[in-house]
Amino acid sequence: MSEQIAPTRTPAFEARLKKRYAAEKRFKAMGLGAIVFSILVLLYLLGTMTINGIGGFQRAEVEVPIDFAEAGISIDASSLETGNAVQSLESQGLPQVVDYFAQQSLGDEGAAEIGGQAWRDVAAAIVANPAILQRETVFWIPASADLASGLDGEGSQDVRQLAAELADAGKLEKNFDIGFFTRADATNPQQVGIWGALKGSILTMIVTLALAFPIGVLAALYLEEYAPKNRWTDLIELSINNLAAVPSIIFGLLGLAVFLTLFPSYRSAPLIGGMTLALMTMPVIVIAGRNAIKAVPPSIRDGALAVGASPVQVVFHHVLPLALPGILTGTIIGMARALGETAPLLMIGMRAFVASPPDSFTAPATVLPMQIFLWSDEIDRGFVERTSAAIIVLLLFLLLMNGLAIYLRNKFEKKW
């Protein structure tokens, strides 16, 4: 039996082998470095947003004790049932009562620096618990924007001094503002909230999903399972792929030219915004749906046909359920992209000041990214903090949507 001869490792071979190993190490180091750099940039972004946004979830409030028994304010059950309680309290002079007790607690200068709509917070507390009208109650009501700036060390010397005196006396503090999640836009950073924009985003996304998902999935099924392979289907596929890469503002121009021409009275409504974003999202859903349908093994189709299923039953009873996780993942990612868009909605007029949350799909509304854009134009420091807080909410919303996509994919994904 012949002996195996080991290959001779010449110096040139050793040099080339060493060079390849060094190149591999450099490649690994570059890949690891890219990952570390990306993580550091992400942490810096999140850290900066968090630090700047913490103040946006708070507001400056002053302490005002109010003795309602002395004020003579009352409320009846009928006004509570009809929803006219706030108007009733206003007609009884609740704003003047709040100003009077603010002067007693804060002095004339301090009382002049409470928010102009602060009495509404007191009215809301009364409506929630009418029993407080029988006793003295301490309220923390919003300060003016100037006094809030003074608490942050900005503004005029007099305002900063007043803020320091009230803070030292324990009558001016920054507290967590739960109303930030329940109010709509306002001209005062102490009174703004994101619920109006967030509700507008939700209504817009509902319209987008209702239009883009069924049409996109059915188009993907037709192109993958039924459409003949000819030049026309090739042209359709090419058009869909091109539409997925079209800049989003083009869809805004299309919505402006088509939808607002057909429905001119619905400008800045979630209905028009959802229809415009549906045009942008639909190609993404079609592409994701086709890829998910292609991933279903042909043996599933052959087995279903072998036991007597019709072609329609094969598609809707076997292929579509197995492809649904991939379709849902692509749909949610497309919806997350649509949620962060501003350019298309800017073209159809959703750049509007909306002081109350929309109550229908046709009411004037704005969306969260557009609200962030509007607040970023303000020069008041309070709006800067509110902008960062709104960005945090938007990032959490997007993270939730992407997490849902990952969950659905892992839960329903089949291993072949």
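The values are calculated or read from the model by the stated rules, or taken from the named source; none is laboratory data. Quick caveat: nothing in here was measured; it's all calculated off a predicted structure. Every residue, glycine as well, gets a Cβ built from its backbone with ideal geometry; the counts of neighbours run over all protein chains shown. What goes into the accessible areas is simple: the full protein's heavy atoms, side chains included, and nothing from ligands, DNA or RNA. Shrake-Rupley method; radii C 1.70, N 1.55, O 1.52, S 1.80 Å.
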Take the conditions more than 17 Å from the chain's Cα centre (by Cα), in contact (Cβ under 8 Å) with a residue 60 or more places away in the chain and over 16 Å from I206 (Cα atoms) and apply them to V393. Does it pass? no
Looking only at region 81-117, count how many residues are in contact with a strand residue (DSSP E or B) (Cβ under 6 Å, 6 or more places away or on another chain) and without any contact (Cβ under 8 Å) to a residue 40 or more places away in the chain. 1
Conditions (1) part of a helix (DSSP H, G or I); (2) crowded, with 22+ Cβ neighbours inside 10 Å; (3) not polar (S, T, N, Q) -> R409 fails only (2)
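Quick grid of which residues meet (1) closer than 17 Å to V207 by Cα; (2) at pLDDT 90 or above:
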| site | (1), (2) |
| --- | --- |
| E237 | no, no |
| I240 | no, no |
| A244 | no, no |
| S248 | no, no |
| P264 | no, no |
| R267 | yes, no |
| P270 | yes, yes |
| G273 | yes, yes |
| L279 | yes, yes |
Can you tell me which residues in region 266-320 are under 28 Å from L238 (Cα atoms), buried (at least 16 other Cβ atoms within 10 Å of the Cβ) and touching a Phe, Trp or Tyr at 6+ places or on another chain (Cβ under 7 Å)? I272, M275, T276, L279, M280, I285
So which residues in region 348-360 are at pLDDT 85 or above, open to solvent by 30 Å² or more (accessible area, probe 1.4 Å) and either within 12 Å of F251 (Cβ to Cβ) or charged (D, E, K, R) (or both)? D359
Answer residue from region 50-70, given it is under 30 Å from Y100 (Cβ atoms) and surrounded by fewer than 16 Cβ atoms within 10 Å (Cβ to Cβ) and is modelled with the highest pLDDT among those: P65
For region 227-247: of the residues being in contact with a helix residue (DSSP H, G or I) (Cβ under 6 Å, 6 or more places away or on another chain) and either of a type outside the set (G, A, S) or not in a helix (DSSP H, G or I) (or both), which is least open to solvent (accessible area, probe 1.4 Å)? A227
Unmet requirement for S388, which otherwise passes all of (1) among the small types (G, A, S); (2) in a helix (DSSP H, G or I); (3) at positive phi: (3)
When residues of region 186-226 are limited to those that are of a type in the set (S, T, Y) and in a helix (DSSP H, G or I), the one surrounded by the most Cβ atoms within 10 Å (Cβ to Cβ): T204
If I ask for residues that are in contact with a helix residue (DSSP H, G or I) (Cβ under 7 Å, 6 or more places away or on another chain) and either β-branched (V, I, T) or assigned to a loop (DSSP other than H, G, I, E, B) (or both), which ones from region 343-367 would you list? I348, M350, R351, V354, S356, P357, P358, F361, T362, A365, T366, V367
Just wondering, is there one or more residues in region 28-49 that are open to solvent by less than 50 Å² (accessible area, probe 1.4 Å), closer than 30 Å to A118 by Cα, of a type outside the set (F, W, Y) and in a loop (DSSP other than H, G, I, E, B)? no
